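Have a look at the structure below, then the notes.
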Amino acid sequence: MTTKKHYVVWKGKETGVFSSWEVVKVLVQGFEGAEYKAFTNKADADKAFKKTFSDYKGTNTKKTILSETEKAEYGVPIKDSLTVDAACGGNPGKMEYRGVLHSNKQEVFKNGPFENGTNNIGEFLALVHGIAFLKNKGLYTMPIYSDSKTALSWVKKKACRTRITFDSSNTDLLELIHRAEKWLTENSYRNPLLKWKTKAWGEIPSDFGRK
């Protein structure tokens, strides 16, 4: 039986517990500092709404319960690695991204916010920024984790295949995308780009905690 997700909005155009992502998206899109998260059931969402966003920030409230056998098959993430992630308030909306070391949870870079971006663009830029960052530090073989299959695919193809419209509001973002694509074309790297296994490991350390 599939459990219907419920969403808590602590800060937005309207607050409360909602059962539709389409409704929540309208409430948080374009709202500065929106605070919201998804939960696997209404009981957990109701309980969370009585608390604060900070009580749940960075925690995986949608985690799928795996058997011990399944967990063993996933293994554990490489500790000496860089993790990257992005956050976007809407689609498109205000976007930012960052890189965090898995070993000590230290944030080593952060960029944004950019107007009228998308989460996929942010994930792509975060990966390229991470690769360039490690190369500059001489860390040529340190793995980089991302939880975005789309971004990993775009980096492999050396192209950000977004379909959003660019105008005067996001020309700086378009310029950054072009710079990232150019860097991928002109540079090589050896860092393994790996998919973060959220089901087994929880949220990626670089997660902004706004889901």
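The values are calculated or read from the model by the stated rules, or taken from the named source; none is laboratory data. Since the model is a prediction, treat every value here as computed from it, not as a measurement. Cβ coordinates were reconstructed from backbone atoms using ideal geometry, including for glycine residues, and neighbour counts include every protein chain displayed. Only protein heavy atoms, including side chains, enter the accessible area calculation; ligands, DNA and RNA are left aside. Shrake-Rupley method; radii C 1.70, N 1.55, O 1.52, S 1.80 Å.
Exactly one condition in (1) crowded, with 17+ Cβ neighbours inside 10 Å; (2) modelled with pLDDT of 95 or more is not met by Cys88; state its number.
Condition not satisfied by Cys88: (2).
Identify all residues within region 15-58 that are in a strand (DSSP E or B), small (Gly, Ala, Ser) and at pLDDT 90 or above; write none if there are none.
Gly16
Could you give every pair whose Cβ atoms fall below 7 Å, whose first residue belongs to region 33-56 and is free of Cβ contacts under 8 Å to residues at least 24 places away in the same chain, and whose second residue is open to solvent by 20 Å² or more (accessible area, probe 1.4 Å), counting only separations of at least 6 or pairs across chains?
Final answer for the pair search is Gly33/Lys11.
Could you grab me the full set of residues in region 115-133 that are open to solvent by 50 Å² or more (accessible area, probe 1.4 Å) and of a type in the set (D, E, K, R)?
Glu115 - this is the single residue of region 115-133 that is open to solvent by 50 Å² or more (accessible area, probe 1.4 Å) and of a type in the set (D, E, K, R).
Go through region 134-165 and give me each residue that's at pLDDT 95 or above, of a type in the set (A, V, I, L, M, F, W, C) and surrounded by fewer than 17 Cβ atoms within 10 Å (Cβ to Cβ).
Selection gives Leu139, Ala159.
Does region 175-191 hold any residues that are surrounded by 18 or more Cβ atoms within 10 Å (Cβ to Cβ), not β-branched (Val, Ile, Thr) and not in a loop (DSSP other than H, G, I, E, B), and which are they?
Leu176, Ala180, Glu181, Leu184
Would you mind stating whether Phe109 is open to solvent by less than 30 Å² (accessible area, probe 1.4 Å) and not in a helix (DSSP H, G or I)?
Taking the combined requirement at face value, the residue satisfies it.
I'd like the residue in region 1-14 that is part of a loop (DSSP other than H, G, I, E, B) and in contact (Cβ under 8 Å) with a residue 12 or more places away in the chain and, out of all such residues, is nearest to Thr52 (Cα to Cα).
Going through the qualifying residues, I end up with Gly12.
Is it fair to say Ser103 is at pLDDT 90 or above, of a type in the set (Ser, Thr, Tyr) and surrounded by 17 or more Cβ atoms within 10 Å (Cβ to Cβ)?
Considered against the rule, which asks whether it is at pLDDT 90 or above, of a type in the set (Ser, Thr, Tyr) and surrounded by 17 or more Cβ atoms within 10 Å (Cβ to Cβ), Ser103 comes out as no.
Residues of region 153-164 being closer than 26 Å to Gln29 by Cβ and in contact (Cβ under 8 Å) with a residue 12 or more places away in the chain, which ones?
Trp154, Cys160, Thr162, Ile164
If I filter region 112-147 down to residues being part of a loop (DSSP other than H, G, I, E, B) and in contact (Cβ under 8 Å) with a residue 60 or more places away in the chain, which single residue comes out as farthest from Glu32 (Cα to Cα)?
Met142
Could you run through region 1-56 and say how many residues are within 25 Å of Thr118 (Cβ to Cβ) and open to solvent by 80 Å² or more (accessible area, probe 1.4 Å)?
8
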